[in-house]
Structure formats: C-alpha cells, structure tokens
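The values are calculated or read from the model by the stated rules, or taken from the named source; none is laboratory data. These numbers come from a predicted model, not from an experiment. Here the Cβ positions follow ideal geometry from the backbone for every residue, glycine too, while neighbour counts run over all protein chains shown. Protein only, heavy atoms only, side chains kept; ligands, DNA and RNA dropped before computing areas. Shrake-Rupley method; radii C 1.70, N 1.55, O 1.52, S 1.80 Å.
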Amino acid sequence: RNAYESRGYFFVEVDSVAQRGPQGEGVELKLLVNEGIPTKVSRIKISNVDKDLASEFRRAITLKIGDPFTRIALESSINSLNQYLKSNQFSDSKVDETNLNFNENKTLVEIDFVLKVGSKFQFVFKGNQLFDDNTIRGWITPDVLAQSDPIRFIEQLIQEKYREVGYHFCKVHSVLDKNKNEKI
C-alpha cells in the first residue's frame with residue numbers, strides 16, 4: 001500500500017489470501033491489488049514571488065497540470081526548480097517548502113512551491129582583454145555563487161585564471177551596483 005501511495009495511488013485496496021501448499025507444506029500467499037485511480041495534479045502555484053518571476057520559474061517545474069502525482073515527480077520538480085534558480089544567477093534562492101492540498105477524496109492535489117528568492121546577479125566585465133565574457137561566465141558556476149561571499153570568490157577566481165597564463169600582476173575588483181527596480 002505504501003509503495004502505491006508513494007506513486008500517487010491513494011485508493012489502493014490490498015487483500016491477501018493464504019492457502020496451505022500441496023501436501024501441507026508451506027503456505028501460498030496471494031496478494032490481490034486493486035490500484036484504483038491515481039491522484040492528478042490540479043493546480044501548481046509558486047508563492048513568495050511576483051507574477052513575472054513566477055511564470056519564469058514555472059517553466060522549470062517538471063510536473064504539469066493533469067499529471068499523476070508522485071513523490072518522485074515532486075522531488076524531481078523541486079530539484080529542477082532549485083537548479084534553474086542557481087543556473088539563472090539566483091544564487092541564494094531555493095524552494096523553501098512545498099504545500100500539498102488534496103481534495104476531499106484525494107483524487108486531485110494542488111501543489112504550492114513556496115520560494116525563498118534573494119538577489120539576482122548580473123555580471124558586466126570591464127577591462128578584460130584576454131578572456132571573452134562567455135569564458136568568464138562559464139567559471140561562475142552555481143557552486144561559485146553558493147559561496148558565503150561569492151563576489152570576493154569570483155574576484156579571486158578571475159585573478160587566478162589570469163595569473164595561470166602569465167599575468168602575475170593582474171588585479172581584479174568589483175563594483176556592486178544594485179538595481180532596485182529589477183532586484184538585480
């Protein structure tokens with residue numbers, strides 16, 4: 001029953017029939033399973049963000065309305081959404097919690113992804129003549145952005161890359177401009 005419920009079948013009926021084997025040796029156990037109907041996703045909501053960001057983030061969710069609800073699919077959607085946030089420069093953002101609201105007979109479920117969204121980073125490189133911007137952006141991975149002080153870490157990373165190719169007196173510094181309108 002638990003295995004079926006973890007896959008979205010909340011109406012499963014399991015009966016067992018035990019019979020003695022031929023000549024009284026052993027027991028034959030038959031499990032009769034009526035799986036019923038799976039629970040379907042009726043609504044997907046993203047909370048704690050404005051509508052524009054919610055529609056952008058919704059594209060990362062692998063579960064869709066009408067899909068069968070499973071814990072595995074839910075975890076996949078959470079992981080996909082977290083990965084999307086990291087890869088789109090929302091380094092300190094994540095799915096904070098997930099609320100499930102089932103209807104009375106558990107045939108439908110509404111899923112609410114509650115996000116904790118911080119700042120988005122946008123990088124502009126000036127004075128760089130050796131590496132193209134895409135190469136430098138490639139160094140700024142989600143792991144780099146997850147550092148406790150990502151700006152300082154990025155400065156050091158770029159400086160190390162320049163020094164590796166012979167620019168030993170290279171200095172890198174950042175200027176942090178906050179765009180309040182776009183939360184960047």
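Please report, as a whole percent, how much of the solvent-accessible surface of the chain comes from carbon and sulfur atoms (probe radius 1.4 Å). Of the solvent-accessible surface of the chain, carbon and sulfur hold 47 percent. Normalised by the number of residues in the chain, the mean separation of alpha-carbon contacts (under 8 Å, six or more apart) gives a relative contact order of 17 percent. Here the chain is assigned +1 on the Cβ of each Lys and Arg and -1 on the Cβ of each Asp and Glu. Its dipole about the Cα centre then comes out at about 480 debye.
Averaged per residue, the chain has 68 square angstrom of accessible surface, using a 1.4 angstrom probe with ligands and nucleic acids left out.
Give the value in nm², to one decimal: projected area of the alpha carbon convex hull of the chain, averaged over all directions.
17.4 nm²
Bridgeable lysines around Lys45 (alpha carbons under 19 Å apart, same-chain partners fewer than 8 residues away excluded): Lys64, Lys94, Lys106, Lys116.
Helical content alone sets the calculated 222 nm signal of the chain at -8500 deg cm²/dmol, taking -39,500 (n - 2.57) per DSSP H segment of four or more residues and averaging over every residue.
Most simply put, the chain has about 70% antiparallel DSSP beta bridges, counting only bridges with both residues inside it.
Restricting the calculation to Cα atoms, region 48-139 shows an Rg/Rh of 1.13 when the hydrodynamic-style radius is the Kirkwood one.
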